[in-house]
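**Student:** Dropping a structure here in structure tokens format, bear with me for questions.
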Amino acid sequence: MKASVVEKVGGQFITEEVILDSPLDLEVLLDVQASGLCHSDLHVAHDGYGNSFPAVLGHEVAGVVKEVGKQVTEFKVGDHVVGCLIQFCGHCEACLSGHTYRCLHKEETLRLPNTKPRITRPDGSVVYQGMGLGGFAEQALVHQNQLVKVPKEVPFSRACILGCGTITGAGAMINTAKIRPGNTVAVIGLGGVGLNAISGARIAGATTIIAIDLQPNKLALAKKFGATHTIHSGEVDAVAAVHEITQGGVDAAFEIIGLKPTAQQALAMAKEGGGAYLIGLQKPGRLLEIDGSPELIFSQKKLQGVWMGSSNFKYDIPMYAKLYLEGRLNLDDLISQEIHIDQVQASYDELEKGAIARSIITAF
């Protein structure tokens, strides 16, 4: 099959032919129909984050079940499915308490070290499968615990976004920060995750939803997702502007970019008793400095890292799919372009310039 492979940390995405094994036990083979280019895969390609290489990355994947392992009970051939990078065993303390995104035995969704690799090159050498999915490919071989069925009425190009962009952005609002009707929020960074966060705030009933970015086109786009106010952070002091709009700061500020200055801005935007939620991946080893003066204690602000929107994706993804079909969740305007698998590197180059939200591989 064709796959977009990153040879090493700092390498580029290059299409090549690789070999995918047949499904074993609890594995599901799917024909990939759409795969989203999330910024997180670019972070992994640039900085590694502990992943092995060469690797097939790609974790926003939607497709059709082609074959299932002998122990698979949840899926059948022909099902439309979405993959998610949340890997969970289903029996550890975290899973049993409903926090599958904190699973203590993620490795149980992968093959054992002494088992044949899922992906190899024609010479037999191993190609690692990023996050248990490897969605930048014509097919994917995935443990059933990383897949969920979605209605066939949802287009694949929209469905794939549900697996990361939506559950991370909207989930941060609904699950992590527990935004309620009447709350005020600010979102820094309006890529795919940021725009989904705006959607989540609207669904949760936030009355003031402030979208912040450097790109005028993204600020205009944010209004389609429910933003009530926009701030061009290159033209004004974003923190001061948020305080002026809200008369004291927001209940929750969300940093989606993964930069030290914007993470500090998020904390400064939160009102007394409010919180800053860090979603964007910071570079390994980067230290965030926080003023530890009594003012931090007196203000009672919270600072929290967010992983995958604190989502139980087996429940949340079908819920978001239903909201999309009802016209209550905007996925259509997230898609900047549909591309061929050979265009992954070029599309990521465009993404780094900050002008587009999501590119989706739909042709191989």
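**Student:** Tell me yes or no: at least one residue of region 188-211 is crowded, with 20+ Cβ neighbours inside 10 Å, over 22 Å from Ala321 (Cβ atoms) and out of contact with any Ser or Thr (no Cβ under 8 Å at 6 or more places or on another chain).
**Tutor:** yes
**Student:** Next up: State which residue is surrounded by the most Cβ atoms within 10 Å (Cβ to Cβ) when the search covers only region 264-284 and only residues that are in a helix (DSSP H, G or I) and not small (Gly, Ala, Ser). Lay out the reasoning, then the answer.
**Tutor:** Looking only at region 264-284, we keep the residues that are in a helix (DSSP H, G or I), and these are 264-269.
Right, trim to not small (Gly, Ala, Ser) and you get 264-265, 267, 269.
Numbers: Gln264: 17, Gln265: 21, Leu267: 23, Met269: 29.
Filtering region 264-284 for residues that are in a helix (DSSP H, G or I) and not small (Gly, Ala, Ser), the one surrounded by the most Cβ atoms within 10 Å (Cβ to Cβ) comes out as Met269.
**Student:** Condition first: surrounded by 19 or more Cβ atoms within 10 Å (Cβ to Cβ), among the charged types (D, E, K, R) and more than 13 Å from Gly165 (Cα to Cα). Now tell me which residues in region 296-335 satisfy that.
**Tutor:** Lys301
**Student:** Considering each of Val77, Val72 in turn, give the residue that is under 21 Å from Phe364 (Cβ atoms), among the β-branched types (Val, Ile, Thr), out of contact with any Cys (no Cβ under 9 Å at 6 or more places or on another chain) and in a loop (DSSP other than H, G, I, E, B). I'd like the intermediate steps shown before the answer.
**Tutor:** Details: Val72 fails: under 21 Å from Phe364 (Cβ atoms).
Testing whether each residue is under 21 Å from Phe364 (Cβ atoms), among the β-branched types (Val, Ile, Thr), out of contact with any Cys (no Cβ under 9 Å at 6 or more places or on another chain) and in a loop (DSSP other than H, G, I, E, B) leaves just Val77.
**Student:** Could you list, in sequence order, the residues of region 197-220 that are more than 22 Å from Gln264 (Cα to Cα), touching a Phe, Trp or Tyr at 6+ places or on another chain (Cβ under 8 Å) and touching a residue at least 60 places away in the same chain (Cβ under 8 Å)?
**Tutor:** Answer for region 197-220, where residues must be more than 22 Å from Gln264 (Cα to Cα), touching a Phe, Trp or Tyr at 6+ places or on another chain (Cβ under 8 Å) and touching a residue at least 60 places away in the same chain (Cβ under 8 Å): just Ser199.
**Student:** Give me a count of the residues in region 212-221 that are buried (at least 24 other Cβ atoms within 10 Å of the Cβ) and not charged (D, E, K, R).
**Tutor:** Matching residues across region 212-221 total 1.
**Student:** What's the number of the condition Ile356 fails, among (1) assigned by TED's automatic domain parsing to the domain that holds His46; (2) not in a loop (DSSP other than H, G, I, E, B)?
**Tutor:** (2)
**Student:** I want to confirm something. Restricting to region 150-174 and keeping residues that are of a type outside the set (A, V, I, L, M, F, W, C) and within 17 Å of Phe88 (Cβ to Cβ), which single residue is surrounded by the most Cβ atoms within 10 Å (Cβ to Cβ)?
**Tutor:** Per the criteria, the residue is Gly163.
**Student:** From the residues in region 146-191 that are over 18 Å from the mean Cα position of the chain (by Cα) and of a type in the set (A, V, I, L, M), which one is nearest to Cys103 (Cα to Cα)?
**Tutor:** Ranking the qualifying residues of region 146-191, first place goes to Ile179.
**Student:** State which residue is farthest from Leu351 (Cα to Cα) when the search covers only region 46-72 and only residues that are modelled with pLDDT of 95 or more and under 18 Å from the mean Cα position of the chain (by Cα).
**Tutor:** Gly63
**Student:** Search region 21-44 for residues that are assigned by TED's automatic domain parsing to the domain that holds Leu112 and modelled with pLDDT under 95 and pair each with any residue that is crowded, with 21+ Cβ neighbours inside 10 Å and charged (D, E, K, R) when their beta-carbon atoms are under 7 Å apart and the residues are at least 6 apart or on different chains.
**Tutor:** Cys38/Glu60
**Student:** Kindly provide the set of residues from region 221-263 that are part of a helix (DSSP H, G or I), more than 22 Å from the chain's Cα centre (by Cα) and without any contact (Cβ under 8 Å) to a residue 40 or more places away in the chain, ordered by number.
**Tutor:** Val239, Ala240, Ala241, His243, Glu244, Ile245 - these are the residues of region 221-263 that are part of a helix (DSSP H, G or I), more than 22 Å from the chain's Cα centre (by Cα) and without any contact (Cβ under 8 Å) to a residue 40 or more places away in the chain.
**Student:** Then there is this: Taking the stated definitions as given, is Pro284 touching a Phe, Trp or Tyr at 6+ places or on another chain (Cβ under 9 Å) and at pLDDT below 95?
**Tutor:** On the way: touching a Phe, Trp or Tyr at 6+ places or on another chain (Cβ under 9 Å): yes; at pLDDT below 95: yes.
Judged against the criteria, Pro284 is a match.
The values are calculated or read from the model by the stated rules, or taken from the named source; none is laboratory data. Every value quoted in this text rests on a predicted model; they were computed, and no experiment measured them. Note: ideal-geometry Cβ built from the backbone for every residue, glycine included; neighbour counts use all protein chains shown.
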